[in-house]
Amino acid sequence: MDIQSVRQDFPILKQQVNGHNLVYLDNAATSQKPSSVIQTMVDYYEKYNSNVHRGVHTLGTVATDRYEEAREKIRRFINAKSEKEIIYTTGTTQSLNLIAYGYGLARLGVGDEIIITPMEHHANLIPWQQVAQKTGAILRYFPMEADGTLDLEKVRVTVTDKTKIVSVTEVSNVLGTVNPVKEIAKIAHEHGAIMVVDGAQSTPHMTVDVQDLDADFFAFSGHKMLGPTGIGVLYGKQSLLEDMEPVETGGEMIDEVGFQSATWAELPWKLEAGTPHIAGAIGLGAAIDYLQNVGMDVIQHYEEQLTETAYNLLSKIDGVTLYGPGKRSGLVSFNIDGVHPHDVSTALDSEGIAVRAGHHCAQPLMSCLKCESTVRASFYFYNSLDEIEALARGIKETKEFFGHVV
Amino acid sequence: MLFNNLDQLYRSVIMDHYKKPRNRGTLDGDNCVTVNMNNPSCGDKIQISLQLKDNKVVDVKYLGSGCAISQSSASMMTEAIKGLDIEKVHQLTFDFSEMVQGHEHNDDLDLGDAEALHGVSQYPARIKCATLAWKAVEKALREADKESAQQ
């Protein structure tokens, strides 16, 4: 991979922020978009903007073809069996809510168990809290080790025959922990539970094969993997999706409608009410083209180098605490002694370095780490080793600045 | 010299309040009201206690955790409003909010050390940090109003 040529494809990276070259290290929040994705969406709006699955006119047919082609690209990208298993959503949050409300609500009862981990993003936590409260089901947690990993033996003894749903993030958005979701799925299935995987932080960075994982549901967002915001995916095994009642009803999802009742369209459209984010879906298709052109293995390997360099440089700085395991996906969470993460973030921003500071939508995890917030630098394959070095320099200077003014 | 604009935000008086907070604690007892307020996007937390008598803030204390801006602002706020008429407190909180947003504001009112936070207006992402404690005061005054209406 030629990093300089990759960077040329991302117009936003060629700018200065606060008088410095932009160093964008907030990729776990959202990724930047290559020209090809932007142009694909412009083309849709300039050349064939139309609603899908409705008109029989020429533009409507082109739009529908492109929209469904993108679904097929997504199917191949995650190796689903059928395009019927690819439901467009607004993002991971909506995908997970659809599972909780469309699948969980009707099937859970008093005493049934849902098991998640302490490192879940609020999107894979609050829907389960809500569904547990409504059904009388019990929300339980796999124990987490001090380094932010899961111990499979402890996972094994936590799942019981009362467990109906296990829902785990494949990669932690705070710690970068890569969870053994394939093995956890096997354990869940031995007890007759279904396995939900939050793939928001894994899908952009590694090869995903939903059949190999044997995930029953898999959720991810377009905007973290070069695509636009407002488009995401719910993958579900066809038999489970067939059984699900739609949470939203209205246009485009019907078979036949009478005065008192209606029947539903086939999958995937049954679960996609209303006019979808057509430009978004087509843009996500272009994002997948770009990623596959570079190669997911190449991306993963390159990001491992970036992450290892960042981890090593930061762990050498006195007064910097790093969170999470040594082996991790592309991000580092840290704190500088005596300096609040927001103040760190403001200082780095004044050097053009964009990082995230806060609880990262994972407040229960923060209480496990015994801190209220962290600074997170998260990488993507268009980041350079120079940028990692700029981060380390910025952290040292931040430490000195606040050490000086105190 | 790096960060040469940053000391316009992190002035020494701000860092002094952050490291040596004034009026930390809680008040309970007669005529006291305590409220909590969070900044959910970033996790800053503030608790403000007011003791009110004859339409005056006779005492004020705060507890909280968060960044230098949110916590120093709380500390400075307690110094600025202690002993003031409630009417004056409303004017100050409005004035402070206008100042940190970079709007025209009334210079006649005495914000005390909190004046040092005017640099926040150059950092729009941090305005919410600066105003948290002041919004909490307004919330506490609304609570006190409700309680006295019920009695």
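The values are calculated or read from the model by the stated rules, or taken from the named source; none is laboratory data. Since the structure is predicted, the reported quantities are computational estimates derived from the model, not experimental observations. In this analysis, Cβ positions are derived from the backbone assuming ideal geometry, glycine residues included, and neighbour counts consider all displayed protein chains. Accessible surface areas use protein heavy atoms only, side chains included; no ligands, DNA or RNA. Shrake-Rupley method; radii C 1.70, N 1.55, O 1.52, S 1.80 Å.
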Self-check item: Pairs where the first residue, in region A:148-166, is under 21 Å from A:Cys368 (Cα atoms) and the second is part of a loop (DSSP other than H, G, I, E, B) and among the charged types (D, E, K, R), C-beta under 7 Å, 6+ apart
Solution: A:Asp151/A:Glu145
Quiz item: Quick one: in region A:38-78, which of the residues that are more than 27 Å from the chain's Cα centre (by Cα) and open to solvent by less than 40 Å² (accessible area, probe 1.4 Å) is modelled with the lowest pLDDT?
Solution: A:Gly55
Practice problem: At least 3 residues that are in contact (Cβ under 8 Å) with a residue 60 or more places away in the chain in each: list the strands (runs of 3 or more DSSP E) lying fully within region A:316-393 that qualify. | Solution: A:331-336, A:374-378
Quiz item: For residues in region A:331-381 being under 18 Å from the mean Cα position of the chain (by Cα) and more than 13 Å from chain B (Cβ to nearest Cβ), which is farthest from A:Pro34 (Cα to Cα)?
Solution: A:Ser333
Quiz item: Among the strands (runs of 3 or more DSSP E) confined wholly to region A:176-280, which include 3 or more residues that are out of contact with any helix residue (DSSP H, G or I) (no Cβ under 7 Å at 6 or more places or on another chain)?
Solution: A:254-257
Quiz prompt | First in region B:112-124 and over 13 Å from B:Leu92 (Cβ atoms) and in contact (Cβ under 8 Å) with a residue 12 or more places away in the chain, second anywhere and open to solvent by less than 70 Å² (accessible area, probe 1.4 Å) and outside any helix (DSSP H, G or I), Cβ under 7 Å, 6 or more apart | solution = B:Ser121/B:Gly102
Quiz item: Considering region B:103-120 alone, what residues qualify as being open to solvent by 30 Å² or more (accessible area, probe 1.4 Å), in contact with a helix residue (DSSP H, G or I) (Cβ under 6 Å, 6 or more places away or on another chain) and either modelled with pLDDT of 95 or more or not small (Gly, Ala, Ser) (or both)?
Solution: B:His105, B:Asn106, B:Asp113, B:His118
Quiz prompt | Residues that are among the hydrophobic types (A, V, I, L, M, F, W, C), in contact (Cβ under 8 Å) with a residue 60 or more places away in the chain and crowded, with 24+ Cβ neighbours inside 10 Å, drawn from region A:87-114 | solution = A:Ile87, A:Leu96, A:Leu98, A:Ile99
Quiz item: When residues of region B:82-96 are filtered for being over 23 Å from B:Leu9 (Cβ atoms) and open to solvent by less than 10 Å² (accessible area, probe 1.4 Å), how many remain?
Solution: 1
Quiz item: Looking at this structure, is A:Gln211 polar (S, T, N, Q) and either open to solvent by 20 Å² or more (accessible area, probe 1.4 Å) or free of Cβ contacts under 8 Å to residues at least 24 places away in the same chain (or both)?
Solution: yes
Quiz prompt | So A:Lys327, is it more than 30 Å from A:Gln39 (Cα to Cα) and either at pLDDT below 95 or within 14 Å of chain B (Cβ to nearest Cβ) (or both) | solution = yes
Exercise. Residues being touching a Ser or Thr at 6+ places or on another chain (Cβ under 9 Å) and open to solvent by 90 Å² or more (accessible area, probe 1.4 Å): count how many of those fall in region B:5-58.
Key: 5
Quiz item: Restricting the search to region A:177-199, which residues are surrounded by 24 or more Cβ atoms within 10 Å (Cβ to Cβ) and either within 20 Å of A:Gly91 (Cα to Cα) or not assigned by TED's automatic domain parsing to the domain that holds A:Asn124 (or both)?
Solution: A:Val196, A:Val197, A:Asp198, A:Gly199
Quiz item: Which of the residues belonging to region A:107-164 are part of a strand (DSSP E or B) and polar (S, T, N, Q)?
Solution: A:Thr163
Self-check item: Test result for B:Lys135, within 13 Å of the chain's Cα centre (by Cα), touching a residue at least 40 places away in the same chain (Cβ under 8 Å) and open to solvent by 60 Å² or more (accessible area, probe 1.4 Å)
Solution: yes
Quiz item: What number of residues within region B:66-86 are within 10 Å of B:Asp113 (Cβ to Cβ) and among the aliphatic types (A, V, I, L, M)?
Solution: 3
Exercise. Could you look through region A:382-406, keep only residues that are within 11 Å of another protein chain (Cβ to nearest Cβ) and of a type in the set (Val, Ile, Thr), and pick out the one that is least open to solvent (accessible area, probe 1.4 Å)?
Key: A:Thr398
Quiz prompt | Residue check, A:Leu314 open to solvent by 20 Å² or more (accessible area, probe 1.4 Å), under 30 Å from B:Ser70 (Cβ atoms) and of a type in the set (A, V, I, L, M) | solution = no
Quiz item: Among B:Pro40, B:Pro21, which is the only one that is free of Cβ contacts under 8 Å to residues at least 24 places away in the same chain and within 14 Å of another protein chain (Cβ to nearest Cβ)?
Solution: B:Pro40
Quiz prompt | Check on A:Gly230, surrounded by 13 or more Cβ atoms within 10 Å (Cβ to Cβ), touching a Ser or Thr at 6+ places or on another chain (Cβ under 8 Å), outside the structural domain of A:Leu13 (by TED's automatic domain parsing) and among the small types (Gly, Ala, Ser) | solution = yes
